[in-house]
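The values are calculated or read from the model by the stated rules, or taken from the named source; none is laboratory data. Because the structure is predicted, anything quoted here is derived from the model rather than measured. All Cβ positions, even for glycine, are placed from backbone atoms using ideal geometry, and neighbour counts span all protein chains on display. With ligands, DNA and RNA removed, areas are computed over all heavy atoms of the protein, side chains included. Shrake-Rupley method; radii C 1.70, N 1.55, O 1.52, S 1.80 Å.
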Amino acid sequence: MSRAIFPQDFLWGSASAAYQVEGAHLADGKGLSIWDQWVQLPGKTYKGSNGNTATDHYRRYRQDIALMKEMGLKAYRFSIAWPRIFPQGKGAVNAAGLAFYAQLIDKLRANDIEPVVTLYHWDLPLALQEEYGGWESRQILRDFLNYAKTCFQAFSAQVKYWIVLNEPNIFTQLGYQLALHPPGKTDLRAYLQTYHHTALAHAAVVKLFKEDRYPGYIGSSIAFTPAYAASDKEEDTRALENYYATNCWWLMDIYHRGEYPDLGVAYYTQAGAMPRVLPEDKELLQAARLTDFIGINYYQTAMIAANPSNGVSLGSMNTNGQKGNQGNGVAGLYKTVTNPRVEYTDWGWAIDPDGLRYGMLQLHHRYSLPVFISENGLGAYDKVEGGQIHDPYRINFVRQHIQACHQAIQAGVDLLGYCTWSFTDLFSWLNGYAKRYGFVFIDFEAQLQRIKKDSFYWYQQVIASNGANCIQGE
Ligand code: BGP
């Protein structure tokens, strides 16, 4: 195997999301989002934390971009807050909102950083949730398309990479089945119907992008958790098939093939939860095949075992940072078990770099599309010692995942880029500010001061060597 390093134009990046960094939640005509409301409800977020101020990126973006420049970052993935552009979700455009992102994008470009723009990272305009139930209603298609078009018209001369939706599987499942995100429902059918609407929205936006001939590349990012069978027993390998059919392939086939996998359809039909698919949906979903890349957010793998019909069901998530992996599953289909071969983070996420290589190869074989890793990172507690942050655990984590990227490329995967989550520390939806992911520490106790961590200088070398410093000794 050749030892060639990464492609010359490889996008070494880092990512964020509007609600998690911007703050300024009421500034310059911005409307409220469903998260602005959710964080006010008692008990919904970790110790009642919220993103009202977050890292104040809205006001300090110049300083943050200067740090990106110093690091040599090639790409910065961020999201546009829909309620900044359309405070009511539709109707009158808020010029100040457009101006903010125009300045952000200009500044990135002036510093040779490729903007990778996510259109939707969960902060739905509250007005649309109140008017027709947000993503649960097909009415959202028209408003989302209008918002997307507005963004393309405003920014497409400067932006080449677009991510339509961030982790539609997470915001719909946590919002509609597990009641952990807004609107806090516990209804399997509502989750699947809502997810179906996201696939329609993705297809409609991709279709518009291609028909109107905007330059560049477009895709969406799914949270992808590849899995292994816990043993070679038939019951466990079948459980693994069930997992893929109702989870990974269920989520991705509709985005990239325009249809759901048969085994998943059989199960959800029997469960009485199959989403309503209209004849015209099928035609629209064919447009999804025009998607340029598969975006994945990869954090971990799962180990899967058989689960009897009276077995465990989907449980709660670890949001407190106490070690201990809670198994959960779908009764009669599968359950997750602890993988004895890997370590777990304090939040119970499996640390499994090889799972990234394995997962990308699965995607390559199933969809034959380029892949873009839009998030990967380690959530950890960091400590300031004498004004410095030593985070060798993060460096190890990212290095091993970059090695996995390299191996996937060697095996034939067309990988466009790799974004760590995240550039600065930021607000975590369910974990508040204690769980840190950034290369840049934010002192939430002291005026949001920025401090470069050891990993900042290390990733700087990764980029300068185009990945070579990770591959040596691989
Ligand atoms: C992904 C989201 C991000 C980010 C990340 C880390 O699901 O796209 O927005 O939050 O996960 O998750 P957490 O903050 O729960 O550790």
- Just read off the accessible area of L314 with the full protein assembly in place, 1.4 Å probe, to the nearest 10 Å². 60 Å²
- Item | Helix-only CD estimate at 222 nm, as mean residue ellipticity for the chain, using -39500 (n - 2.57) per DSSP H run (n ≥ 4) | -11500 deg cm²/dmol
- Pick out, from A380, N396, A446, the residue whose Cα sits farthest towards the positive end of the charge dipole of the range 362-464, with +1 on the Cβ of Lys and Arg and -1 on the Cβ of Asp and Glu. N396
- Query: Counting pairs of Cα atoms in the range 117-264, how many percent are more than 21 Å apart?
  - Reply: 48 percent
- Nearest-20 debye value, the range 103-153 charge dipole, Cβ charges on Lys, Arg, Asp, Glu: 200 debye
- Return the loop-located trypsin sites (Lys or Arg not before Pro) in the range 357-412 (DSSP other than H, G, I, E, B) with at most 15 other Cβ atoms within 10 Å of their own Cβ; answer none if there are none. K383
- At q = 0.14, 0.16, 0.19 Å⁻¹, what is the log10 ratio I(q)/I(0) for the range 347-474, with the Debye formula run over Cα points and no solvent? -0.66, -0.83, -1.08
- Query: Can you give me the relative contact order of the chain as a percent, contacts being Cα pairs under 8 Å and 6 or more apart?
  - Reply: 16 percent
- Per-selection metrics, the chain (Cα): Rg and Dmax in Å: 21.0, 63
- Return a whole-number percent for the relative contact order of the range 231-277, with Cα pairs under 8 Å and 6 or more residues apart as the contact set. 27 percent
- Query: Cα centroid distance between the range 205-272 and the range 337-378, in Å?
  - Reply: 15 Å
- Task: Can you spot the lysines whose alpha carbon is less than 19 Å from K107's alpha carbon? Ignore those fewer than 8 places along the same chain.
- Result: K69, K74, K160
- Message: Ignoring ligands, DNA and RNA, please state the percent of accessible area on the chain from carbon and sulfur, probe 1.4 Å.
- Response: 49 percent
- Task: Normalising by the residue count of the range 62-143, find the relative contact order in percent from Cα pairs under 8 Å and 6+ residues apart.
- Result: 37 percent
- Note on the structure: For K44, counting only lysines whose alpha-carbon sits under 24 Å away and dropping same-chain residues fewer than eight positions off, the answer is K30, K185, K323, K435
- Task: Take the range 214-359, compute every pairwise Cα distance, and split them into 5 Å bins from 0; I just need the percent in each bin.
- Result: 2, 9, 15, 19, 19, 15, 11, 7, 3, 1, 0
- Out of L363, T198, V93, whose Cα points farthest toward the positive end of the dipole of the chain (charges: +1 Lys, Arg; -1 Asp, Glu; placed on Cβ)? V93
- Query: Excluding ligands, DNA and RNA, what is the solvent-accessible area per residue of the chain at a probe of 1.4 Å, expressed in Å²?
  - Reply: 38 Å²
